[in-house]
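Reading through the structure tokens given below for one structure.
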Amino acid sequence: MSRDRKKNRYAKHVLCRAVAVLLVTALFVTVWGGGNSVAAGSGETGVAAEVTKKRVAVLPWKVNGPGEFGFLSGAVSEMLSSRLGSDEGIGVVRSDIMKDALSGYGAATDRGRIATGVGKKLGLDYVLYGSVTLLGESVSMDAKLLEVKGGAVSSHYSTGRGIDSVVAMADTVTGSVKSSLFPSLAVAVYTAPTEVVPTVLKGASVPLLPGIAAPPVAVQSEPAVFGAVSGRTAQVKGGEKFWKGPFMDGHYVGIVSADLDSDGVSELFLLKGSSVTVAVTDGGSFKVLKEIEAGTDVQFVAIDAVDTDGDGVAEVYVSGVRGKNAQSLVIEHNGSEHAVALKGLRRLFKSALYDSKLVLLGQGFRESDGFYGDVRLYEKEGAGLVDRGRFEPGLPRGVDIYRFALLGRDSSSEALSIATLDIRGRLIVYAKSGAKGWQKVWKSPEYYGGTLNYIEGEEDDTGTTPPVVPIESRFFYADIDGDGTRELVIKTGTPGGLGRYADVVRSYTDGAVTGMAWDGHFLTERWRTKKVSGHVADFFVEPGGDKSLTVWMLVAEGSGALFGKPKSYVLSYQLAL
């Protein structure tokens, strides 16, 4: 799609969500899948004190106000659902069941009639519905609780001033509804859980000092999946070493390092929009060598480096979309400059460690379907890429090329394990053995990953807009410190605005990178960087030979989705292990 059309659509979408940022920063933590959501008609009795569990549905909220506040319909429903579902005495109907139950009702259908129909269809005890009204600075929330069996309706009401009052109003309505459900019990006001982040080992506060990148180190125990950037180190108090590059205009989404010109110094390749910035650190400064442009109708979404033709020099694979399909290219050094060697490739790519070898994987993409088809192995041969066949392990259903890392085989069962990142940010480990295929064996209680890198299609003539497709940044499983134990290395981030309640996250308040060991049962954290302010868009890791490693982070500040003028920079951070 053209840059202007995408910018206009993006601005329109942002307008609908910008006000929501005022609600709270990183306050909400979702309970879907981990709380007290229930299937309809379950009759479950898990009790709080002597109370029988009440089966409750929360309908999408009606919004009376300007069109740009339409997002509150789902947001308020999610807030009330999570607050009610946090009580052991209440089981809230899952969102997928609610969606099916609501099908067939027109937009003009009376809410009371819908509540009655849904309650009887699903065999519920209660249905909660209502509206939010915005009139100037005045905001009111009017909720109705229907007792399905008897037909009685109780009212629950709260008012506030300004959009930021919606959170407190949801708390008030929740407390009132709980008191109606359990009149003999005192009901505590809901408090969102706070994320606890482990402290990095031997860490000090992270000063953002100018400096020089860490020296190159040969990797012995793993293929060269990590870049090494030449230079001297800047030593600061506490023993850590840091380097921070200059601010760059715009929201950069990807970074990789590779020595394409074979001079012993790796270049940095930075991805933004439809361009690739090639740079080096030189004497403590950040020096741009070249900008490679692909045209305004191309959107780059991922970048990686791997040697697939066996000449000892990596190629840089730049994945992108043009119009409705994948449109990727390959960058090499032609003896005099960095240049595009291949273009028009109809796959999205990434490298992965597979059977102790770094390989190139590709998967199809088209606007109508998102990711589609098998993940396949590719190698560069002459003036083109050769398809070497299907990536034999395959992927669990719903997992795309950017959301997995192979963990290898469990020596006790010979089952192949894979770590995947679901759309909500939970890590899930699957094992594959025999005819049963992939079986889920573990799910993280914490959230990981997080992206502001999306593929967004254009609205068609019928008014239909394709779903937004998130592109997750790299995570991988490797022995980066040479101690014989591999670690899953992945970033974390704290969403801003509506947090994980938003269908599309548009800002992050902070981020970090962590390494975790898999013991066949759990992922256990081994190390974590200090948090940095802003969004960690991408990263790579450079092993050290002295019980240390250096994490290179691409950081975006300003979250341009909301503030319009984002800035990005590169930060290297050395950790002692």
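Could you estimate the translational diffusion coefficient of the stretch 358-500 from the Stokes-Einstein equation, with Rh from the Kirkwood formula over C-alpha pairs, at 4 °C and 1.567 mPa s, in whole µm²/s? Once the numbers are plugged in, D ends up at 75 µm²/s. Element breakdown for the stretch 325-483 at a 1.4 angstrom probe: carbon and sulfur atoms account for 44% of the accessible area.
Could you provide, to the nearest whole Å², the per residue accessible area of the stretch 267-397 with probe 1.4 Å? The answer is 42 Å² per residue. The GluC sites (Glu not before Pro) of the stretch 318-420 that DSSP puts in a loop, and whose beta carbon has at most 12 other beta carbons within 10 Å, are 337, 414.
The alpha-carbon of residue 244 sits under 23 angstrom from the alpha-carbons of these lysines, leaving out residues fewer than 8 places away in its chain: 202, 272, 287, 290, 491, 530, 531, 547, 565, 567. Computed from Cα atoms alone, the Kirkwood hydrodynamic radius reported for the stretch 257-376 is 15.0 Å.
All C-alpha pair distances within the stretch 64-193, sorted into 10 Å bins from zero, spread as 11, 43, 37, 9, 0 percent across the bins.
Over the stretch 455-506, with the other protein chains present, what is the accessible area per residue in square angstrom, probe 1.4 angstrom? Each step should come with its number before you reach the end.
Working: 1780 Å² over 52 residues.
Ligands and nucleic acids excluded, the figure is 34 Å² per residue.
Is there a quick way to get the dipole size of the stretch 438-551? I mean about its Cα centre, with the Cβ of Lys and Arg at +1 and of Asp and Glu at -1; what is the value in debye to the nearest 20? If you can, show how the numbers build up before the last one.
Working: 12 positive and 18 negative charges, 118 e Å.
Here the size comes out at about 560 debye.
Computed on protein heavy atoms with a 1.4 Å probe, the accessible areas place 333, 156 in the order 333, 156, largest first.
The values are calculated or read from the model by the stated rules, or taken from the named source; none is laboratory data. Computed from a predicted model, the values in this text were never measured in an experiment. Using ideal geometry, Cβ is built from the backbone for each residue, glycine included, and neighbour counts are taken over all protein chains shown. Quick note on the areas: whole protein, heavy atoms, side chains included, nothing else; ligands and nucleic acids left out. Shrake-Rupley method; radii C 1.70, N 1.55, O 1.52, S 1.80 Å.
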